[in-house]
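Participant: I'd like to ask you about the structure that follows.
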Amino acid sequence: MAILSLSKITKTYRKGDIEVKALGGVDLELEKGEFCAIVGPSGSGKTTLLNIIGCLDKPSSGIISYQGKELKILGEKELSEYRREHVSFIFQSFNLIPVLTVAENVELPLSIEGSFSKTQMRQKAMAMLEAVGIADKAGRYPRELSGGQEQRVAIARALVKEPSVVLADEPTANLDSHNAEEIIRLMKAMNEKSQTTFIFSTHDKMIMEEAFRVFHLHDGLIVKDERKRL
Amino acid sequence: MTRSLISIAFRNVVRHWRRSLISATVLTVGIGMFIFFDSVLAGMDRMTIDSMVQFNDASLKVMTSEYYENRRTMPLSHGLERTAELAAEIAAALPEATTTPRTPFMAFASNRIDSLPALGYAIDPSTDSLVFKLENQIDTGSWFSAAPEEKEILIGKLLARDLGLKENDWILLSARMTDDSLNADEYKIAGILDIPDMSLNESGIFMSYAEAKQFLGDDLPVTTLAVALPRPANLSKELGDSLASAAIIEKNHEGIRAVSIAEAANDYLAMRDMKAKYSSLIIFIVLLIAGVGIVNTILMSVYSRIKEIGVLRAYGMTSAHIRRLFSIEGLLIGLIGSSAALALGSLLVWWSVRSGIPIGDYFGGLDMGVIPMGDGLCGEWHPGTMVFGFLFGVAASWISARIPAAKAGKLEVTEALRFV
């Protein structure tokens, strides 16, 4: 069974009197452990699609299901719970919490989930920081890190709660090519190790090359579903 | 989760310490001043009541019911009978009480050029200090001689000033006698009294019963028996004790009215209650200003962290969590501001209790009615007000923070994440 299923998803925004159709009826199914990219020109609806998959935004119509359970009908509390337990996000501009240390930033999703002791949270955070190769920066604050290091912390934060799905919105856009390559390699390694489903929105050719599956989005519609390997 | 929220809130308060400090400072000054002014007002109340008790009204005054009815005209009739026995009976009923007789009368004082109305008191110099503190208020000159060679009186300092008189000068008094005829006589000013009670300071004249009988008539009665009770640390207890003692005396003696200080100070206490309402209004205005400051601080915090709010929501925080986060920030600013206010208020109260505020220096002996303007105005410790001020400051901050917190909670996640 598909872990995520989207059927005829549309999204229309209203800007004054004008209606903007961001998604025009998207159908897609994602299996566990997929490493896939959503590509397309600016304004094609990539971020909107990621937001809908991550339940940050609600579709105007259509059905979205996670492990067979329809998400659209859930209330705010249940959607927060879904985000808390099953989905993680990696952002283009990292979005670490500036007042928390690296380790505390990584602990944050566990703290929000609320089922771990302080010691457990610290152990998990340190293990994840070790995995992304930045354990020695655990006590530092985000302002003391480089962009590449910040994104590693963001990846550790996204993976620490062992989510089923990681949604990454242009994760390499603010990085130089060397750091971007490192980050892609790291995420792929994590994907292979934990069978976490990764979905990227990207313009980055490197990610497109590394992705097992690429959705080509144009004017709010998936015009091509390119499977490189199963 | 709560621990994380507190940690994030605390660090944000510290990170944006300048604006947190400004809001907390408004709260500190507002609540601190409230604590201080309340202490000063309480001190003023105590000093006023002390002044009334120590120089004029005693803890309670015993008189006949007829005299009580006419007391405002200070008649030289309706006096007490068997004064010595009455004093002994009061001492038996109230073992800690002391008594002294006093007969007030109306008079005119003159330096032979100008004449001023005066408030005369016939007193017993040997027992007066058991009840009143007049003897301690000698500014120049001396207390009554044990065996005076000349007719001695004591007068208030402002009266002496207004008539241009000093100690050992002669003053001409005129008053109606017990038989209603007019009498005038000259007296030597033995001493000048600097009395905190301004009305006595500017019109008070004190003479012994022996002199008063010669001046006003041999049949001059004792119209009031002043009773002093121990001074408790608390004003409410002092007022309560005087009321209870007055009730005991009235119960034991038919036809006798015992006027407690609580009753005598009724007008002043009513004014004090009015004053308390004004001070409540002031604290409300101050807290309103502080509240606006806190709303502004938290709003700035919300606007500078919109993207952060989006991230927290994306990671599963609900809008209630976000509201709580910003409410905690307000609460922390309130705790910091109110704690500092407690410290500031305590420091000022400690100073006013220890050293007294030299209010006389500021007002230069200005007549403030019943409020005594002595050497210094001493504050009073009011733990209840301090706790109230602290809790009110914290609560006001928390409530103020809820407005921007609600705004933060309403932010759409996607819009927050898009925010630049």
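Participant: May I ask which of B:K157/B:K251; A:K11/A:K224; A:K11/A:K69; A:K118/B:K307 have a Cα-Cα span longer than 29 Å here?
Facilitator: B:K157/B:K251
Participant: Further question: Along the Cα-to-C-beta direction of A:E78, a point sits 7 Å from the Cα; which residues of segment A:146-174 have their amide N less than 20 Å from that point?
Facilitator: Of the residues in segment A:146-174, A:164-165 have backbone N under 20 Å from the label point off A:E78.
Participant: With a point put 7 Å past each Cα toward its Cβ, work out how far A:S60 is from B:S174 in nm, to one decimal.
Facilitator: 10.4
Participant: Can you figure out the FRET efficiency of B:I285 with B:E96, using R₀ = 56 Å and their beta-carbon distance, to the nearest 0.05?
Facilitator: After rounding, the FRET efficiency stands at 0.80.
Participant: Once you sort the root eigenvalues of the Cα gyration tensor of segment B:189-271 as a ≥ b ≥ c, which label holds: rounded (a/c under 1.5), prolate (a/b larger than b/c) or oblate (the other case)?
Facilitator: Oblate, since a/c reaches 1.5 and b/c is not below a/b.
Participant: I want the local charge near B:V62. Using Cβ-Cβ distances under 14 Å, sum +1 for each Lys or Arg and -1 for each Asp or Glu among the other residues.
Facilitator: For residues surrounding B:V62, the net value is -2.
Participant: So which of A:K8/B:K410; B:K133/B:K237; A:K58/A:K161; A:K161/B:K407; A:K137/B:K407; A:K137/A:K188 end up more than 26 Å apart, counting from Cα to Cα?
Facilitator: A:K8/B:K410; A:K161/B:K407; A:K137/B:K407, as the Cα separations exceed 26 Å there.
Participant: Which of rounded, prolate or oblate describes segment A:161-230 when judged by the alpha-carbon gyration tensor and an a/c cut-off of 1.5?
Facilitator: oblate
Participant: Given the DSSP H assignment, sum -39500 (n - 2.57) over each helix run of at least 4 residues in the protein assembly as shown and divide by its residue total; what's the result at 222 nm in deg cm²/dmol, nearest 500?
Facilitator: -16000 deg cm²/dmol
Participant: Using a cut-off of 13 Å between beta-carbons, work out the net charge of the residues near A:Y13 (Lys and Arg +1, Asp and Glu -1, A:Y13 not included).
Facilitator: After counting each charged neighbour, the total is +1.
Participant: Same structure, new question: Got the relative contact order for chain B handy, in percent, Cα pairs under 8 Å and 6 or more residues apart?
Facilitator: Reported as a whole number, the value is 27 percent.
Participant: If you don't mind, there's one more thing I want to ask. Please list, ordered by chain and number, the residues whose modelled amide H lies under 5 Å from the amide H of A:S60; skip anything fewer than 5 residues away on the same chain.
Facilitator: Sorted by chain and number, the residues that satisfy this are A:T10, A:K11, A:T12.
Participant: Treating cross-link reach as a plain straight distance, find the aspartates and glutamates whose alpha-carbon is under 15 Å from the alpha-carbon of A:K193, omitting any fewer than eight places away in the same chain.
Facilitator: Straight-distance partners of A:K193: A:E34, A:E130, A:E162.
Participant: Moving on. For segment A:121-167, which semi-axes, largest first and in whole Å, follow from the square roots of 5 times the eigenvalues of its Cα gyration tensor?
Facilitator: 18, 13, 8
Participant: Work out which trypsin sites (Lys or Arg not before Pro) in chain B are exposed loop sites (DSSP not H, G, I, E or B, at most 14 other Cβ within 10 Å) and give the longest gap free of them.
Facilitator: The longest uninterrupted stretch comes out as B:167-420.
Participant: For the protein assembly as shown, compute Rg over Rh where Rg is the Cα radius of gyration and Rh is the Kirkwood radius from the inverse mean 1/r over Cα pairs.
Facilitator: Expressed as Rg/Rh, it is 1.33.
Participant: Let me ask something else. What value does segment B:24-84 have for Rg/Rh, both radii from Cα atoms and Rh as Kirkwood defines it?
Facilitator: 1.37
Participant: Also, I was wondering about something else. Going by amide H atoms built from the backbone, whose H comes under 5 Å of the H on A:L145, apart from near neighbours?
Facilitator: none
Participant: So who's got an amide H within less than 5 Å of the one on B:A118, skipping anything under 5 residues away but keeping other chains? H placed 1.01 Å off N, in plane.
Facilitator: Here B:A107, B:F108, B:A109 satisfy the definition.
Participant: For a paramagnetic label modelled at 7 Å from the Cα of B:D114 toward its Cβ, which residues of segment B:199-236 fall within the zone defined by backbone nitrogen distances under 18 Å?
Facilitator: The answer is B:199-205, whose backbone nitrogens lie closer than 18 Å to the label point.
Participant: Please list 3J(HN,Hα) in residue order for segment B:164-175, calculated via the Karplus relation 6.51 cos²θ - 1.76 cosθ + 1.60 where θ = phi - 60°; whole Hz, with x for glycine and proline.
Facilitator: Listing the rounded values in order: x, 10, 9, 4, 6, 6, 9, 10, 9, 10, 9, 7 Hz.
Participant: Determine ³J(HN,Hα), in whole Hz, for all residues of segment B:250-259 in sequence, where each value follows from phi through the Karplus function 6.51 cos²θ - 1.76 cosθ + 1.60 and θ = phi - 60°; x replaces Gly and Pro.
Facilitator: 5, 5, 7, 10, 6, x, 10, 10, 10, 9
Participant: Turning to a different aspect of this structure: Please report, in whole Å, how far the alpha carbons of segment A:1-156 spread along each principal axis, starting with the longest.
Facilitator: 49, 31, 29
Participant: Further question: In whole angstrom, how far apart do the alpha carbon centroids of segment A:115-135 and segment B:118-165 sit?
Facilitator: Cα centroid of segment A:115-135 versus Cα centroid of segment B:118-165: 86 Å apart.
Participant: In whole angstrom, how long is each semi-axis of the equivalent ellipsoid of segment B:1-127, when you take the square root of 5 times every eigenvalue of its Cα gyration tensor and sort them from largest down?
Facilitator: 59, 23, 12
Participant: Expressed in nm to one decimal, what extension gain is obtained for the pair B:A147 and B:N183 from 0.36 nm per residue of sequence separation less their Cα-Cα distance?
Facilitator: Here the segment from B:A147 to B:N183 would lengthen by 10.5 nm.
Participant: Spelling out what I want: for every residue of segment A:38-54, take phi, set θ = phi - 60°, compute 6.51 cos²θ - 1.76 cosθ + 1.60 (Karplus), and round to whole Hz; glycine and proline get x.
Facilitator: 10, 10, x, x, 4, x, 7, x, 4, 5, 4, 5, 4, 4, 6, 4, x
Participant: Grab the other residues whose beta carbon is less than 11 angstrom from that of A:E144, score K and R as +1, D and E as -1, and report the net.
Facilitator: After counting each charged neighbour, the total is +2.
No value in this document is a laboratory result; all are computed from the given coordinates. Computed from a prediction, not measured in an experiment: that's the story for all the values here. No Cβ is skipped: glycine too gets one built from the backbone with ideal geometry, and neighbour counts run over all protein chains shown.
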